[in-house]
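Everything on this sheet refers to the single structure shown next.
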Amino acid sequence: MHSAPLTIGIEEEYQLIDPETGALAAVVQQLLHDESIRQIGDQVKPEFMQSQIEIGSAICQNVQEARAELVRLRGEVNSVAERHGYCILAASTHPFAKWEEQEANPGERYEDLMDYMQEVARQMLIFGMHVHVGFGTSRRQLDLLIDIQNQLRYFLPHLLSFSTSSPFWHGHPTGLKSYRSIIFENLPRTGTAPIFSSFSEYERLIETFGQVGTLGKGRRDGKADYTKIWWDSRPHEDFGTLEIRICDICTTVDEAVTIAALVQAIVAKLIKLRNQNLSWRIYSNELIAENKWRAVRWGLDGQLIDYGIRESVSAHSLALELLELVDDVVDELGSRDEVNHVHTILEKGTSSDRQLAVYNDCLANGASRDEALKAVVDHLRAETMRGVRS
């Protein structure tokens, strides 16, 4: 059925937490020097802030392998953190941390970002999840990747609505389900990717950005550094993958695997349509941006626009339609159970919904705001490790 391998890779950016206070802890360099972390190798890396640590899975042939990788990496990184008196937490913003109090990591890349973006970079106290789907690195495969990316852009707000985990900023509820999305789009070269006619057209844009200095100093191989393009989806030429970047990091492993399974299934469905000389309609960035805003603001509680019928439809209804759309590919992918976990997310809400429920319940029971925020941190710590250790 497929003309691409559709392998899966997942990157997650965790918060490093002092479990006593619930505050962020700028200890990533300390952890990276631990021998156990060194044994994991380049699957564990620093991120922009010293209170962040990033993991990247191995290339996974299916979602079951992806689950095993997340369980292993979350467990190993958290065990190292605990030996040093800390722990990890998976949410796209911290309930009460302030960006002004954080420290950036040393290193040329981060120093360049800080110099180029100044105050905008310093506010990047956010944590994301990236899902890679493998296409290959031949020109034919990269052209296929671009074609699928053009079509898949429509579904990105749907994926965000399933993953929201950032309702708080600087110690108060924002009224949004994904405040990370707002902060991130302060950076240049973010948002919905442009529509490209071919991989060559994409390459020409990257080359132009590189020649005029937009992408910094470039790479050691002399090419422009396309990783300084931060669209919600982007080609990752070195890996031969389509990288989906719109999602908040999922607090539970089950949710993260569901997102990865959905991304893989949507790609497989679009390729199947293409092989039948069919395609999903390609919508303008303006239309997709409106749906993204609705996902940011209301998550699964709101309405997205069904542009086929030009009507606002509940996010729940569109989620069920999405499951119907991919139904004929999930068994071949072996991901039916993981994709069907969408029903559980619809029933129990996303991490943002659960965080807000904990916060509001604490306040209703007489807790102070600080106590309620600390309770949210404790809740997130428990959910991050659910299914990871006994």
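Mind counting the residues in segment 76-96 that are in a loop (DSSP other than H, G, I, E, B) and open to solvent by less than 10 Å² (accessible area, probe 1.4 Å)?
6
Which count do you get for residues in segment 367-377 that are in contact (Cβ under 8 Å) with a residue 60 or more places away in the chain and open to solvent by less than 60 Å² (accessible area, probe 1.4 Å)?
Adding up the residues that qualify gives 4.
Go through segment 283-321 residue by residue and tally those that are open to solvent by 70 Å² or more (accessible area, probe 1.4 Å) and of a type in the set (A, V, I, L, M).
2
Quick one: in segment 210-267, which of the residues that are without any contact (Cβ under 8 Å) to a residue 40 or more places away in the chain and aliphatic (A, V, I, L, M) is nearest to Phe135 (Cα to Cα)?
For segment 210-267, the residue satisfying everything is Ala224.
Take the residues in segment 238-279 that are within 20 Å of Glu207 (Cα to Cα) and within 19 Å of the chain's Cα centre (by Cα), then tell me which one is surrounded by the fewest Cβ atoms within 10 Å (Cβ to Cβ).
By that ranking, first place goes to Phe239.
Quick one: how many residues across segment 149-177 are in contact with a Phe, Trp or Tyr (Cβ under 9 Å, 6 or more places away or on another chain), among the small types (Gly, Ala, Ser) and under 25 Å from Trp280 (Cβ atoms)?
1
Being over 14 Å from the mean Cα position of the chain (by Cα), closer than 30 Å to Glu332 by Cβ and open to solvent by 20 Å² or more (accessible area, probe 1.4 Å), is that true of even one residue in segment 199-210?
There is no residue in segment 199-210 that is over 14 Å from the mean Cα position of the chain (by Cα), closer than 30 Å to Glu332 by Cβ and open to solvent by 20 Å² or more (accessible area, probe 1.4 Å).
Under the condition of being assigned to a loop (DSSP other than H, G, I, E, B) and open to solvent by 10 Å² or more (accessible area, probe 1.4 Å), which residue from segment 123-156 is farthest from Glu237 (Cα to Cα)?
Ranking the candidates gives Gln123 first.
Given the structure, is Leu73 among the aliphatic types (A, V, I, L, M), part of a loop (DSSP other than H, G, I, E, B) and either modelled with pLDDT under 95 or open to solvent by less than 30 Å² (accessible area, probe 1.4 Å) (or both)?
So Leu73 fails the test.
The values are calculated or read from the model by the stated rules, or taken from the named source; none is laboratory data. These numbers were taken from a predicted model, which means no experiment stands behind them. No Cβ is skipped: glycine too gets one built from the backbone with ideal geometry, and neighbour counts run over all protein chains shown. These accessible areas exclude ligands, DNA and RNA; they are computed on the full protein's heavy atoms, side chains included. Shrake-Rupley method; radii C 1.70, N 1.55, O 1.52, S 1.80 Å.
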